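The values are calculated or read from the model by the stated rules, or taken from the named source; none is laboratory data. Just so we're clear, the structure is a prediction, and the values are computed from it rather than from any experiment. Here the Cβ positions follow ideal geometry from the backbone for every residue, glycine too, while neighbour counts run over all protein chains shown. These accessible areas exclude ligands, DNA and RNA; they are computed on the full protein's heavy atoms, side chains included. Shrake-Rupley method; radii C 1.70, N 1.55, O 1.52, S 1.80 Å.
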Amino acid sequence: MTTPDWLAEGAKHVWRPYCQMKTAPAPLPVVRTHGSRIVLEDGRELVDGIASWWTAVHGYNHPHIAAAVRAQLEAMPHVMFGGLAHEPAYRLAARLAAILPGELDHVFFAESGSVSVEIAMKMALQFHINRGETGRTRFLSFRGGYHGDTLATMTVCDPEEGMHSLFSGVMPAQVIADLPLDDASEAALDALLAQRGGEIAAMLTEPLVQGAGGMLFHDQEVLRRLRRLADRHGVLLIFDEIFTGFGRTGELFAMQAAGIEPDIVTLSKALTGGTLPLSAAVASRKVFEAFWSDDAGAALMHGPTYMGNALACAAANASLDLFEAGTWKADVARVSAALKEGLEPCRSAPGVVDVRVLGAIGVVEFASPVAVGALCQAFAEKGAWIRPMGKVVYLTPAYTTLDADLDILLSAIRDVIGAGGVEGSGGV
Ligand SMILES: *Cc1c(COP(=O)(O)O)cnc(C)c1O
């Protein structure tokens with residue numbers, strides 16, 4: 001492939017995410033997207049197997065989202081959210097409150113997932129302070145978890161497996177526990193909370209699937225156990241649905257599989273259907289009421305500059321229209337069945353220790369970290385954009401991915417990992 005001028009020039013100045021730039025393969029130049037496809041500079045098309053880091057659930061350039069963003073751009077791309085209000089954000093907040101379970105009714109907007117987790121953590125800390133309980137200054141999170149890359153969110157990621165072990169000791173140590181997967185681990189967590197619960201503001205986890213920590217699945221009973229323990233020890237429960245939200249696990253929100261609600265939920269990735277950056281920390285009535293006061297000091301002092309960006313909210317409203325149309329459920333079931341059937345043969349491939357599927361998430365796990373750069377290249381040669389992570393090669397395609405395109409993804413995985421030689425230096 002020839003290197004366009006903009007890539008050669010810009011590559012001297014762009015700091016790329018999650019890679020050792022000196023040794024990583026050059027990034028692929030992209031000029032266009034459509035449906036579930038990424039069009040490269042040289043005209044080749046790759047089927048996107050991971051929907052641009054789990055965001056583009058309706059496929060790229062969806063005409064309904066594009067029209068909504070275009071119309072909003074004509075009217076007003078953005079105004080500040082302090083002291084001003086606009087319909088796209090206010091309507092989106094009301095719609096999110098309506099589709100989220102129970103009393104998750106109060107929506108704080110931000111621009112990225114990590115920042116929404118930071119806001120949820122800040123809400124939890126101040127919730128207790130506002131109620132006169134000042135000792136709850138720490139968080140309890142779980143092995144295998146991932147909640148973002150900023151300084152505070154790093155402290156609640158898995159301390160060993162995560163990407164942030166380099167910084168252990170820099171930030172305050174939180175309490176890290178095992179998820180209560182069975183009665184014995186529930187009893188252990190109960191005992192830990194009996195001992196240290198008084199210093200814990202909130203527990204946080206990704207419900208049903210720990211995504212970036214390795215696509216680890218747990219069943220809905222774990223969420224019920226967490227709710228029980230949080231209530232018993234006066235600790236808030238935060239669900240990070242940044243990955244699992246908006247249909248990915250087969251439910252609109254993963255928490256709905258368990259029929260329980262957290263005190264705060266964070267949303268981002270698929271919120272705008274992969275069109276624009278937007279996130280939200282949504283608080284329950286109980287949390288919100290601790291801030292509702294005649295005392296100015298009880299207010300949450302937070303307000304990102306681009307909070308409630310009107311273009312992003314218009315995209316999110318259009319994405320919710322598509323969810324309301326209701327075809328996503330059948331689409332996720334169709335993708336899920338294809339992933340189950342298509343990945344099953346990988347069980348016997350060299351180095352594979354597990355194959356698992358939930359909703360539109362298909363995972364092939366290896367015994368040790370895989371060679372991310374080399375694998376990306378091998379998949380691209382087969383017409384697929386698949387970027388493995390740690391020990392897993394996984395698919396999280398758009399729900400609308402055509403059967404023929406799912407076949408391209410699945411045969412790329414079977415061919416490449418069937419040939420072996422997958423293990424390598426790891427990466428994200
Ligand atoms: C991606 C992700 C985040 C971080 O979101 P950013 O937008 O990358 O900051 C946090 N939590 C979970 C569960 C995620 O998947």
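Laid out as a table, the results:
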quantity: Size of segment 1-82 as Cα extents on the principal axes (Å, biggest first); calculated: 44, 33, 24
quantity: When each of LYS12/LYS391; LYS269/LYS329; LYS12/LYS122 is checked by Cα-Cα distance, pairs over 28 Å; calculated: LYS12/LYS391; LYS12/LYS122
quantity: Around GLY35: net Lys/Arg minus Asp/Glu count, Cβ-Cβ under 10 Å; calculated: -2
quantity: Range of Cα positions in segment 136-282 per principal axis (Å), largest first; calculated: 45, 36, 25
quantity: Helix 63-75 axis, angle to the chain major axis (alpha carbon atoms, nearest 10°); calculated: 60
quantity: GNM flexibility winner over the chain from MET203, MET21, MET123 (Cα, springs under 10 Å); calculated: MET21
quantity: Nearest-10 value in Å² for the accessible area of GLU261, using the 1.4 Å probe; calculated: 60
quantity: Carbon/sulfur fraction of accessible area - the chain, other protein chains in place, 1.4 Å, %; calculated: 56
quantity: Value in Å of the Kirkwood radius, where segment 281-428 supplies the Cα pairs that are averaged; calculated: 18.3
quantity: With all protein chains modelled, accessible area of GLU111 [1.4 Å, Å²]; calculated: 60
quantity: Accessible heavy-atom area order of TYR399, TYR18, TYR90, highest first, probe of 1.4 Å; calculated: TYR90, TYR18, TYR399
quantity: Ordering of 114-120, 334-340 by packing [mean C-beta count within 10 Å, highest first]; calculated: 114-120, 334-340
quantity: Most to least accessible of TRP385, TRP292 (protein chains only, probe 1.4 Å); calculated: TRP292, TRP385
quantity: 0 to 90° range, to nearest 10: angle between helix 87-99 axis and the chain longest Cα axis; calculated: 80
quantity: For segment 103-213: rounded, prolate or oblate by the Cα gyration tensor [a/c cutoff 1.5]; calculated: rounded
quantity: Prolate/oblate/rounded label for segment 14-62 (Cα gyration tensor, a/c 1.5); calculated: oblate
quantity: Candidates PRO17, PRO207, PRO101: whichever shows maximal mean-square fluctuation once the chain is modelled as a Gaussian network with Cα springs under 10 Å; calculated: PRO17
quantity: Cα gyration tensor shape for segment 386-428, rounded if a/c is under 1.5, else prolate or oblate; calculated: oblate
quantity: Segment 87-103 versus segment 276-308: alpha-carbon centroid distance in Å; calculated: 14
quantity: Separation between Cα centres of segment 189-224 and segment 48-69, rounded to whole Å; calculated: 31
quantity: Accessible area (Å², 1.4 Å probe, nearest 10) - PHE366; calculated: 0
quantity: Accessible area per residue in Å² at 1.4 Å probe, computed on the chain; calculated: 43
quantity: Approximate shape of segment 249-348 as ellipsoid semi-axes (Cα gyration tensor, √5λ), whole Å, largest first; calculated: 35, 18, 13
quantity: Tilt relative to the chain, helix 403-418 - C-alpha long axis, 0 to 90 degrees, to 10; calculated: 80
quantity: Charge dipole magnitude, Cβ of K and R +1, D and E -1 - segment 76-325, Cα centre, debye nearest 20; calculated: 320
quantity: Projected-area mean, segment 42-121, by convex hull of Cα positions, square nanometres; calculated: 8.3
quantity: Whole-percent pair-distance distribution, where bins are 5 Å wide, for the alpha carbons of segment 114-154; calculated: 6, 23, 27, 23, 14, 7, 1
quantity: Relative contact order %, the chain, counting alpha carbon pairs below 8 Å whose residues are six or more apart; calculated: 21
quantity: Inter-centroid distance (Cα atoms) of segment 361-411 relative to segment 132-147, Å; calculated: 34
quantity: Computed helical MRE - 222 nm, the chain, DSSP H runs ≥ 4 contributing -39500 (n - 2.57), nearest 500; calculated: -10500 deg cm²/dmol
quantity: Selection of GluC sites (Glu not before Pro), segment 143-191, meeting DSSP coil and at most 13 other Cβ within 10 Å; calculated: GLU160
quantity: Relative contact order, percent, segment 76-325 [alpha-carbon distance under 8 Å, six or more residues apart]; calculated: 29
quantity: Equivalent ellipsoid, segment 76-325 (semi-axes from 5 times Cα gyration tensor eigenvalues, Å); calculated: 28, 21, 17
quantity: Cα Rg, Dmax, the chain, angstrom units; calculated: 21.6, 67
